[in-house]
Amino acid sequence: MKPLPSTRAKRILWVDDEIDRLRPHLLFLQQRGYHVDAIANGDDALVLLRRNHYDLVMLDEQMPGRRGLEVLAILRRQDPNARVVMVTKSEEDRTMTEAIGRRVEDYLVKPTSPRQVLSVVTRILEGSSIRQQQVARDFAARFGSLSALRAEVRTHERFASLYAELVDWHIRLDQAGETGLLDSVNGIMAELRHDFGTWITRNYPRWVKGAGSARPELSTDIVKTHVAPLLGTDPVVFVILDCMRLDQWRVIAPLLSPMFEIQEKLYYSILPTATPYARNAIFGGLFPDEIARLRPGWWDASDDEGSLNAFEDELLAAQLWRLTGRDVPLHYEKIFTDREGEQVRARFRSAVRTEGSLVALVFNFVDLMTHGRSESPVLMEVARDEVALRNLTRAWFERSTAFQVLKEAAMAGYPVVLTTDHGSIHCNRPTTIYARKDATTNLRYKFGVDLRTASRSTVFSTKRARDLRLPGGRMGTTYVVARDDYFMVYPTKLREYQSRYRGSFLHGGISPEEMIVPVARLQPRGRSTLD
């Protein structure tokens with residue numbers, strides 16, 4: 001096992017009062033291309049560390065004079081980012097805990113073999129390069145198969161499976177620093193997105209009309225399939241992170257895995273993939289036309305989220321009654337900011353005290369960030385692409401009220417269903433649409449009288465509201481939903497819209513990023529796995 005080629009030999013400082021007994025270890029490392037300086041006490045080591053840069057310090061704990069932990073404390077003040085491996089004869093938990101608390105890279109207990117030491121050194125100094133090369137090799141071996149699968153995909157299961165694999169490759173390659181290969185993933189994704197648009201245009205109207213049984217799980221199925229079966233005497237927590245893409249979920253899931261056993265499934269958001277439609281469908285278990293028929297006073301043709309999503313708690317309560325035949329104690333809350341996190345957590349603790357309750361929490365930060373990005377040059381720069389957006393999402397989630405609530409649920413042993421209503425797509429191409437002033441304003445879908453598009457291949461267009469299970473509009477209404485990564489622009493505002501919205505993350509249209517989204521059952525660890 002040799003270190004990867006480098007412009008210079010990696011430098012190691014080994015500090016041990018029995019350094020003469022470690023000559024075989026030092027020689028073994030030197031034969032593998034490492035430059036190793038050996039010193040017998042902490043004071044001389046600190047002098048060398050001030051004069052020279054070392055990539056790694058091997059530090060004995062039990063030495064005459066300054067002990068290893070004392071040297072480590074001084075070193076941390078001099079160089080907070082120094083990489084240190086503690087080597088000691090002590091197996092006491094206190095010593096190990098203190099060393100780990102001071103951020104050592106690893107902890108070895110003597111006697112150690114040269115091979116064991118080399119393994120630790122290689123992992124620390126060469127691990128990222130080894131992982132980068134391995135990921136690149138794995139992707140190169142898989143690339144041909146991915147292209148072939150893309151050409152053959154025909155079912156909702158295979159579209160979801162291939163899309164999920166491409167998401168994972170995108171994340172793995174980015175984390176390994178193989179940014180050059182991301183273009184290859186993006187190329188396959190663009191082809192898949194185009195095929196997906198054609199396929200959805202052909203199949204979606206049949207799904208929502210109930211024609212045939214080969215439809216995927218949709219927004220309308222989430223509560224029935226994933227939430228209702230958990231209801232009993234214990235509280236159940238239902239969390240929706242609005243506008244969360246699959247890749248955003250995949251980078252926050254590792255934060256939850258130490259606390260929960262995670263069972264993830266993928267489902268398809270209904271069209272339009274926007275909150276007024278998709279989230280109402282989740283809470284109501286109904287398509288928009290059914291909601292409008294049962295509650296005509298609730299439906300506002302303005303397409304305004306504030307008015308159309310004002311009755312989510314009542315929709316959910318009615319659906320729970322239909323599914324269970326009883327009044328399920330329900331606490332519903334919509335959270336827009338983390339500034340009131342402690343109050344939200346207090347209300348959560350109060351709600352779960354009710355036997356058999358369902359606590360439904362909607363967190364809107366991801367959606368607000370996505371919307372706000374188009375209006376803020378600073379946010380546009382910070383979240384300039386998919387990689388930056390998911391990194392920003394993870395950074396928010398780590399410090400969010402949502403994460404704190406989930407931690408409390410895990411500690412108390414409450415099962416959680418976590419999902420989203422739709423994702424978003426990084427839009428880069430404009431498509432021209434001709435519309436009257438009373439048309440809806442969303443850039444990924446529009447409803448209005450006398451709507452016309454310059455290119456039929458960029459949109460799904462229909463005059464039948466039933467194709468989208470929407471409430472019927474005025475005579476002559478056309479329903480248009482953008483495909484791929486297109487956003488709609490008016491010919492009179494072409495330059496303005498292109499300048500303002502190109503590169504924005506938008507939602508409402510037809511793409512895997514918007515439609516294929518996760519729903520996860522989170523079972524607190526220590527409890528039996530959910531069926």
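THR354 fulfils the conditions (1) open to solvent by less than 40 Å² (accessible area, probe 1.4 Å); (2) more than 22 Å from SER400 (Cβ to Cβ) except for a single criterion, (1).
Of all residues in region 155-181, those satisfying the criterion of being open to solvent by less than 40 Å² (accessible area, probe 1.4 Å), closer than 21 Å to GLY127 by Cβ and among the aliphatic types (A, V, I, L, M) are ILE171, LEU173, ALA176.
Quick check: anything in region 499-518 closer than 30 Å to MET411 by Cα and either in contact with an Asp or Glu (Cβ under 9 Å, 6 or more places away or on another chain) or open to solvent by 20 Å² or more (accessible area, probe 1.4 Å) (or both)? There is at least one residue in region 499-518 that is closer than 30 Å to MET411 by Cα and either in contact with an Asp or Glu (Cβ under 9 Å, 6 or more places away or on another chain) or open to solvent by 20 Å² or more (accessible area, probe 1.4 Å) (or both). Restricting the first member to region 43-69 and to residues that are on the phi > 0 side of the Ramachandran plot, and the second to residues that are open to solvent by 10 Å² or more (accessible area, probe 1.4 Å), the beta-carbon pairs closer than 9 Å and six or more apart or on different chains are GLY65/ASP17; GLY65/ASN41; GLY65/ASP43. Yes or no: LEU418 open to solvent by less than 30 Å² (accessible area, probe 1.4 Å), farther than 21 Å from TYR501 by Cα and under 14 Å from the mean Cα position of the chain (by Cα)? Judged against the criteria, LEU418 is a match. In region 497-511, is there at least one residue being among the polar types (S, T, N, Q) and part of a helix (DSSP H, G or I)? Checked region 497-511: at least one residue is among the polar types (S, T, N, Q) and part of a helix (DSSP H, G or I). Looking only at region 17-34, decide whether some residue is modelled with pLDDT of 90 or more and within 19 Å of ARG103 (Cα to Cα). Checked region 17-34: no residue is modelled with pLDDT of 90 or more and within 19 Å of ARG103 (Cα to Cα).
Of all residues in region 487-507, those that are within 14 Å of SER424 (Cα to Cα) have Cβ atoms under 7 Å from Cβ atoms of residues that are part of a helix (DSSP H, G or I), 6 or more apart or on another chain, in PHE487/TYR501; TYR501/SER374; SER504/ARG373; SER504/SER374; PHE505/THR370; PHE505/ARG373; PHE505/LEU389; HIS507/GLU514.
Of the residues making up region 141-167, those that are closer than 18 Å to SER184 by Cβ, touching a residue at least 24 places away in the same chain (Cβ under 8 Å) and not β-branched (Val, Ile, Thr) are ARG142, PHE143, LEU146, SER147, ARG150, LEU162, TYR163, ALA164, LEU166.
Condition check for LEU192 on (1) within 23 Å of VAL517 (Cα to Cα); (2) not in a helix (DSSP H, G or I): one failure, at (2). Of the residues examined, ALA148 is one that is open to solvent by 40 Å² or more (accessible area, probe 1.4 Å), farther than 22 Å from GLY509 by Cβ and small (Gly, Ala, Ser).
The set of residues in region 446-496 that are open to solvent by less than 20 Å² (accessible area, probe 1.4 Å), part of a helix (DSSP H, G or I) and acidic (Asp, Glu) contains only ASP467.
Being farther than 27 Å from LYS446 by Cα and more than 22 Å from the chain's Cα centre (by Cα) is true for just one of LEU286, LEU231. Which residue is that? That would be LEU231, the only listed residue that is farther than 27 Å from LYS446 by Cα and more than 22 Å from the chain's Cα centre (by Cα).
Could you tell me which residue of region 182-192 is nearest to PHE159 (Cα to Cα), considering only residues that are touching a helix residue (DSSP H, G or I) at 6+ places or on another chain (Cβ under 6 Å) and open to solvent by less than 40 Å² (accessible area, probe 1.4 Å)?
Narrowing region 182-192 to residues touching a helix residue (DSSP H, G or I) at 6+ places or on another chain (Cβ under 6 Å): 182, 185, 188-189, 191-192.
Narrowing the set further to residues that are open to solvent by less than 40 Å² (accessible area, probe 1.4 Å) leaves 182, 185, 188-189, 192.
Numbers: LEU182: 20, VAL185: 15, ILE188: 12, MET189: 11, LEU192: 8 Å.
The residue in question is LEU192.
Of the residues making up region 326-350, those that are hydroxyl-bearing (Ser, Thr, Tyr) and either surrounded by 13 or more Cβ atoms within 10 Å (Cβ to Cβ) or at pLDDT below 95 (or both) are TYR332, THR337. Filtered by the rule that a residue be of a type in the set (S, T, N, Q), closer than 17 Å to PHE238 by Cα and either in contact (Cβ under 8 Å) with a residue 24 or more places away in the chain or in contact with a helix residue (DSSP H, G or I) (Cβ under 9 Å, 6 or more places away or on another chain) (or both), region 310-350 gives GLN319, THR324. Does THR393 meet the test of being of a type in the set (S, T, N, Q), open to solvent by less than 20 Å² (accessible area, probe 1.4 Å) and free of Cβ contacts under 8 Å to residues at least 60 places away in the same chain? Criteria not met by THR393. When ASP221, ASP247 are checked against the criterion of being surrounded by fewer than 19 Cβ atoms within 10 Å (Cβ to Cβ) and among the acidic types (Asp, Glu), ASP221 stands alone in meeting it. One residue alone among VAL117, VAL167 is in a helix (DSSP H, G or I) and over 20 Å from the mean Cα position of the chain (by Cα), and that residue is VAL117. Among the residues making up region 230-241, those that are surrounded by fewer than 22 Cβ atoms within 10 Å (Cβ to Cβ) and in a loop (DSSP other than H, G, I, E, B) are LEU231, GLY232, THR233, ASP234.
The values are calculated or read from the model by the stated rules, or taken from the named source; none is laboratory data. Please read these numbers as outputs of a predicted model, since none were measured by experiment. Ideal geometry is used to build each Cβ from the backbone, glycine not excepted, and the neighbour counts take in all protein chains shown. Quick note on the areas: whole protein, heavy atoms, side chains included, nothing else; ligands and nucleic acids left out. Shrake-Rupley method; radii C 1.70, N 1.55, O 1.52, S 1.80 Å.
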